[in-house]
1. Once Rg and Dmax of the Cα atoms in Å is worked out from the coordinates, which option in [x] 15.0, 49; [y] 18.0, 56; [z] 15.3, 42 does it equal?
2. With label points built 7 Å along Cα→Cβ from the Cα atoms of His59 and Ala2, find their separation and express it in nm.
3. Beta carbons within 10 angstrom, averaged per residue: use that to sort the peptides 110-120, 92-102, highest first.
4. What is the extension gain from Glu29 to Arg125, computed as 0.36 nm multiplied by their sequence separation minus the C-alpha to C-alpha distance, in nm to one decimal?
5. If packing is taken as the mean number of other Cβ atoms within 10 Å per residue, what is the order of 152-158, 133-139, highest first?
6. Under a 10 Å cutoff between Cα atoms, tell me which one of Phe86, Phe39, Phe141 has the largest fluctuation in the Gaussian network model of the chain.
7. Rounded to the nearest 500, what is the 222 nm mean residue ellipticity of the chain from helices alone, with -39500 (n - 2.57) per DSSP H run of 4+ residues and division by all residues?
8. Calculate the spin-label point distance for Val17 paired with Leu156, positioning each point 7 Å from the Cα along the beta-carbon direction, and give it in nanometres.
Amino acid sequence: GAVDPLARLNRAVGARVESVSNQRFARAENLVSPHEPVFDPGLFGRQGKVMDSWESVRHNPLGRDTLVLQLAAPAAIDLVTVSTRFHLGNQAQAIEVEGWNDEVKAWQSIAPRMALQGHAMHAVRAASGAKVFGRVRVAMFPDGGVTRLGLFGADLPEADRARLLAEIGRAHV
């Protein structure tokens, strides 16, 4: 796909996957791609439909799948976006994002658990204040697919911030 116009401001882009609990249907690295997602209805692999997202197997007995990212550079996060583009019915039901706080040696909420709609954009103002994080943990409940993750700081232009927040829950067209 084309390069996302906000990729240079997205702190998730360039992150390294440290660990992932399940990526049976689609690779976790797709979540932090600088490119717009693409969908080819005729593309199938040995695991089934090929998706440009992070997608785990269904019927997760653990109740959630997790992904830990090492950001390219530590950052304060003001806004979190989650896309479920091309996932309609097979999207994760909910997601939460946490950052590792080195001072207290614990995970701290960046974006509390939020419900996800299929084939839509979701955005939430970060709950973490000005705290800086170098590692981020994403949990999706209970399983399913998430297309892209956006982690934006104070340098996100206000017009883009307003547009992202206005798109909450709107279906992709």
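1. Working out Rg and Dmax of the Cα atoms in Å from the coordinates points to [x].
2. Each label point lies 7 Å from its Cα, and together they span 4.2 nm.
3. Listed from highest to lowest mean packing, they are 92-102, 110-120.
4. Answer, rounded to one decimal: 32.2 nm.
5. Highest mean packing first, the order is 133-139, 152-158.
6. Most flexible of the set in this elastic network: Phe39.
7. For the chain, the value works out to -1500 deg cm²/dmol.
8. About 2.4 nm separates the two model spin labels.
No lab work stands behind these numbers, since they all come straight from the coordinates. Note that the coordinates shown come from a computational prediction; the quantities given were computed from them, not determined experimentally. So basically every Cβ, Gly included, is an ideal-geometry build from the backbone, and we count neighbours across all protein chains shown.
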